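The values are calculated or read from the model by the stated rules, or taken from the named source; none is laboratory data. Quick caveat, the model's predicted, so the values are computed rather than measured. FYI the Cβ positions are ideal-geometry reconstructions off the backbone, even for glycines, and counts take in every protein chain you see.
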Amino acid sequence: MPEAPAPSGWTFLTNHTHVLVCLAQNEAITLREVAAQVGITERAVHAIVSALEEEGVLTRTREGQRNRYKINRHYRLRHPLESHRKIGDLLDLVGER
């Protein structure tokens with residue numbers, strides 16, 4: 001398998017997508033762990049998760065002292081160029097390892 005190229009300052013996917021990928025791979029991941037994987041602050045991850053939750057893209061459930069995140073894979077992408085696709089389509093393409 002070829003090695004992934006080193007980041008050059010920009011990526012094809014947004015931080016919102018990167019956060020979704022992390023949450024899809026591990027529903028019990030902490031926001032601190034997401035921040036470390038994505039390379040942004042924990043505060044930025046919290047803002048993204050809050051916005052995605054408010055929009056209905058994901059739900060957050062409290063389990064003890066941790067949160068569990070469930071992605072709404074049927075949510076349609078918002079931009080007109082991708083609105084014929086769902087979050088699940090995107091995660092199937094880029095999210096699963």
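Mind counting the residues in the range 78-97 that are more than 13 Å from the chain's Cα centre (by Cα) and in a loop (DSSP other than H, G, I, E, B)?
9
Hey, does the range 32-50 have a residue that's modelled with pLDDT under 95, in a loop (DSSP other than H, G, I, E, B) and either surrounded by fewer than 10 Cβ atoms within 10 Å (Cβ to Cβ) or among the polar types (S, T, N, Q) (or both)?
The answer is no, given that none of the residues of the range 32-50 is modelled with pLDDT under 95, in a loop (DSSP other than H, G, I, E, B) and either surrounded by fewer than 10 Cβ atoms within 10 Å (Cβ to Cβ) or among the polar types (S, T, N, Q) (or both).
Check Arg73, Arg68, Arg60 and return the single one that is touching a strand residue (DSSP E or B) at 6+ places or on another chain (Cβ under 7 Å), surrounded by 10 or more Cβ atoms within 10 Å (Cβ to Cβ), part of a loop (DSSP other than H, G, I, E, B) and without any contact (Cβ under 8 Å) to a residue 60 or more places away in the chain. Can you show your working first?
Working: Arg68 fails: part of a loop (DSSP other than H, G, I, E, B); Arg60 fails: part of a loop (DSSP other than H, G, I, E, B).
After ruling out the rest, the residue left standing is Arg73.
Given the conditions (1) at pLDDT 95 or above; (2) loosely packed, with under 12 Cβ neighbours inside 10 Å; (3) hydrophobic (A, V, I, L, M, F, W, C), and given that Ala4 satisfies all but one, which numbered condition is not satisfied?
With respect to (1) at pLDDT 95 or above; (2) loosely packed, with under 12 Cβ neighbours inside 10 Å; (3) hydrophobic (A, V, I, L, M, F, W, C), Ala4 is out only on (1).
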